[in-house]
């Protein structure tokens with residue numbers, strides 16, 4: 001069964017921020033490549049949404065409804081509801097997930 005994949009606004013902003021950072025600090029080609037690979041990873045959840053695992057930071061606080069996959073060093077955090085996958089954020093795995101989630105929840 002195929003799932004519908006939705007990238008919510010926060011995740012779209014995350015992807016745009018990543019693209020812009022790489023574009024400004026590296027090469028446009030690398031930014032384009034990274035953008036395509038992140039999108040491919042997101043779309044791959046259409047057929048395999050259960051392959052991810054619960055982020056350890058969320059597991060420690062008893063939150064199991066979210067999963068993550070990686071396109072190293074980026075973490076794609078998503079939730080599966082019925083026949084849909086919702087991408088909530090795309091984060092740099094070298095940064096603290098807890099700090100990022102706290103900032104996101106407070107805004």
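The values are calculated or read from the model by the stated rules, or taken from the named source; none is laboratory data. Just so we're clear, the structure is a prediction, and the values are computed from it rather than from any experiment. All Cβ positions, glycine included, derive from the backbone under ideal geometry; neighbour counts span all protein chains shown.
A few comments on the model shown:
- Just one of (1) modelled with pLDDT of 90 or more; (2) in contact with a helix residue (DSSP H, G or I) (Cβ under 7 Å, 6 or more places away or on another chain); (3) surrounded by fewer than 19 Cβ atoms within 10 Å (Cβ to Cβ) fails for residue 97. It is (1).
- In a residue-by-residue description of segment 81-88, the property of being touching a strand residue (DSSP E or B) at 6+ places or on another chain (Cβ under 9 Å), surrounded by 15 or more Cβ atoms within 10 Å (Cβ to Cβ) and free of Cβ contacts under 8 Å to residues at least 40 places away in the same chain applies to no position.
- Scanning segment 22-75 for residues that are part of a loop (DSSP other than H, G, I, E, B) and touching a strand residue (DSSP E or B) at 6+ places or on another chain (Cβ under 8 Å), we see that the one that is surrounded by the most Cβ atoms within 10 Å (Cβ to Cβ) is 45.
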